[in-house]
Each structure stands twice: as C-alpha cells, then as structure tokens.
1. Note the full-extension length gain between R54 and S165 as 0.36 nm times their separation in residues minus their Cα-Cα distance, in nm to one decimal.
2. Report the GluC sites (Glu not before Pro) located in the stretch 1-104 that are in a DSSP loop and have at most 14 other Cβ atoms inside 10 Å of their Cβ, or state none.
3. Please say if the stretch 177-295 is rounded, prolate or oblate, where rounded means a/c under 1.5 for a ≥ b ≥ c the square roots of the C-alpha gyration tensor eigenvalues, and otherwise the choice is prolate for a/b larger than b/c and oblate otherwise?
4. Please check: in the Gaussian network model of the chain (C-alpha springs, under 10 Å), which one of Q47, Q276, Q21 has the largest mean-square fluctuation.
5. Kindly identify the stretch 122-235 as rounded, prolate or oblate by the Cα gyration tensor criterion: order the square roots of the eigenvalues as a ≥ b ≥ c, call it rounded if a/c is under 1.5, otherwise compare a/b with b/c, prolate if a/b is larger, else oblate.
6. Choose one answer from P126, P92, P221: the residue with the largest mean-square fluctuation in a GNM of the chain with alpha-carbon springs under 10 Å.
7. Looking at the chain, what % of its DSSP beta bridges pair antiparallel, to the nearest 5?
8. Provide Rg and Dmax in Å for the stretch 287-406, with only Cα atoms included in the calculation.
Amino acid sequence: MSSTFQNAPPLRLSRRAMAIQESAIRKLDASVNKVSGVFFHRMNIGQPDVPTPRAVMDALAAEDSQVLAYGPASGLLECRDAAAAFHSRTSPGLTREHTVVTQGGSEALLFAMVGLCDPGDEILVPEPYYTNYNGFATFAGAKVVPVPTRLDEGFAIPSDDVLDSLVTERTRIFLFANPGNPTGAVYGAEQLRRVAAWARRKGLWLVADEVYRAIWFSAPPLSALNLAGHEDHVIVVDSTSKTFSACGLRIGFLVSRNLELMERLERLGQARLGPQPRGQRAAIAALQLPESYYAEVRHIYKSRVDAMMDALAEIPGLAFHRPEGAFYTMARLPVSDTERFARWLVDEFRDTTTGRAESVVVAPGPGFYADPSKGRDEIRLAAVREESQLRRAVAVLGAGLRQFRG
Ligand SMILES: Cc1ncc(COP(=O)(O)O)c(C=O)c1O
C-alpha cells in the first residue's frame, strides 16, 4: 500500500448497519443451498406455492410500453383507486387520497415508521413478532419494545396496566399484525377496540399490519380502518404478496384516513420516486378479483393449516396455538435450544425411510423475539405447501425430534 494512505483513519460502517439482525427466517437457507442429494421440506419461509391468479399474470404479460417510465410518488391513480375500492368493500368511504402504493408491505411499514418516529423513538409490538420489524425500525432509527404475549393465552394482548408499564415519553406507535405472523392469532373486535382506546389515551399511532387479512378460518378479522372514532390515528399496511400469492410483485399499500399523514407520505415517496408501474397494473387486476377468489384462498390455507396441525398433534410433547388466520404456527418443542435443533436438522439429520434423504427447515423461535434468549424452545412453521407434503414434512420433523432427544 502506498505510504500516503498509511495514516488514513479506518473505514467504518454505520452503527445502524452493524445493528441490523440477520433474518431468522433466511438464516438457514444459505446452508440448505449448499447441500445436495437431500430433499428439504421448507417450513421456514412464508413463500406460498399457490399459483398467482391468471388475471395478474395476464396483466403483467399485456404490458407493451416502449419506455419503462417512472410513475407518480404515491402510485398510479388507477392503482390507488383500485386499492381504495378494495378496502371500501369492508371499510366504506375510502378514496385514493387515503391510499399510498408502496414497494411491498415492507416499504409501507418502513414509511410508517419513518413518517411517525424520530430517531430514538419507540414502537410497541406484541411479541413474538414478524422478525423484519426490527430491521425496519433500525432503518428508521427507532426501537422495537416488545409487549409480552403467551402461547397458552392465545397470544392475547395484555391488560392496559401491562401496556401502561411499557410506555415511555419516546413511545410513538403500537404496531401489531392481524392475523399474526408468526402466531396465526386473530385479535377479536373487542380486544382491538380496547387497544385502540388505550393507544388513543396515550397519544400513540395504531399501525395495523393486515397483510394476512384475507386469510382467516373462522371469523374475519376486523380491519383497524373500521375502528370508529379512531380514524385519525389508524394506519393500515396491506400487500399483494400473500393474498394474491404474488410475493415477487413487490406491491403493497398504506391506508389511512389521516390526510395530513398521507400528504407527508407522498413526500417520502417522492424521495424514492414511484413504485413500479408495471407491478401496479398487475395489482389492479388482483384488487378487482371477485369475492369468490378470497373464499378459494381461505379454503386452500384452511386445508393446509388443518393438515399441518393434525400432523403436529401426533407428535408427543408439543404445544401449539391453532392458527385462526395467516398460515403459520408457533410450536413449543421439548427442546432447550431450537437454534441448535434447526441447524442440526439441516446439517446432520436425514430421514431415509422413503428411500430418499429428507430433512426439514424450520425457523427457530428466538428470531421472533427482541431478546434472543426468549423463544428458545419454540419454532415457527409455515403451511405453504399442499397437504400431503405438509403431513410428510411434519412426520420428518417428528422423526428428527425423536432422534435429537434420544
Ligand atoms: C406480518 C408481515 N408483514 C409484512 C410482510 C412483508 O410483506 P411484503 O412481501 O408485502 O413486503 C410480511 C412478509 O412475510 C409479513 O409476514
């Protein structure tokens, strides 16, 4: 090296970059990809194999513009209209001004956090929670403060007294997913109204991540957009990823009746220019699908979740919450370190009873907690394959568990 640079200060990465956690869900994939000759049942990632609706594929294929141009910051007006019409099916009175198109639900979450938090502010989130909330909060310079919930209480949000004890002068948002990932829990209307009233009393924004709202099994979740009297402090995050099995489309939405907030979000959108117009035209086709489409999606996931849960019930020593929505369950295993168990399944365990080597990939519990010493006996499983594959996956998991413990 030339002597001119010898005394130059060392390069450094930002504290934010260093603080970003590796996604618990993706963690094992790198190892899985290196192994050949083993069939891995992937129960760790919420990437469904349900075909994307034909109408969405056709809209993508129909694009014939000569130039791939920028679109407006808050999204194409037709796409915002389609989102408003879609949400108005259950929450009447929404117009394009109440919607912003984003690059996936992920960017909607990021916009909500950046739009509502200053660096150092805090976001309350019922725990266990979707692991990427930590990453978005880090981008925004904010901090996730977990609200403890328990598997044996159906992951219910704790009492106002418990919530009170978690609020500081830096708290800005109460964020929750309904239905929940990783829990599969659906919050009932009464619980939501109680939390909304509590958040209002504390001057907090209520951010409802409803990317799984169409996937429910007994009663439809109440959209936070329907919490009467709380219109100004509710923000809903939505996405085409799960409902339309279109994770790669990268189109999501932020919906709120607070027009001052929506105007500010437009400026955030301007800073990154617009979301991709082609994806938005496909999203319009998705949002215009009839109600029968949603019934079909629910039927598919209900059959899958039922198959997965029935198979899990066959394994002795497991505790789990039967999902009321989404397609995940958090299961408690008779194992003290599920990080080690999950890695062992990938690196060492092979079930050869069917003549081929099989194993299973699961998401270890600690990644869904703010404090990684929690959830050490839990794993998250995703019901994203068809029933017979799920039954086999759970059988392989059970065999792995027996061998690991034996
Ligand atoms: C609860 C929750 N919110 C948001 C997202 C992000 O979804 P998108 O693909 O729309 O960015 C996911 C993805 O798995 C999720 O599970």
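Derivation of every value follows stated rules applied to the coordinates shown; laboratory data play no part. Fair warning: this is a prediction, and the values are worked out from it, not measured in the lab. Here the Cβ is made from the backbone with ideal geometry for all residues, glycine too, and neighbour counts use every protein chain on show.
1. Details: separation 111, 0.36 × 111 = 39.96 nm, distance 4.95 nm.
In short, 35.0 nm is gained.
2. Numbers: sites: E22, E63, E78, E97; in loops: E22, E63.
Within the stretch 1-104, the qualifying GluC sites (Glu not before Pro) (loop, at most 14 other Cβ atoms within 10 Å) are E22, E63.
3. Numbers: a/c = 2.18, a/b = 1.15, b/c = 1.90.
Because a/c hits 1.5 or more and a/b fails to exceed b/c, the stretch 177-295 counts as oblate.
4. Q21
5. Values: a/c = 1.37, a/b = 1.19, b/c = 1.16.
It comes out rounded by the Cα gyration axes.
6. Highest fluctuation of the listed residues: P92.
7. Details: 19 of 41 bridges.
Here the antiparallel bridges make up roughly 45 percent for the chain.
8. 15.5, 53
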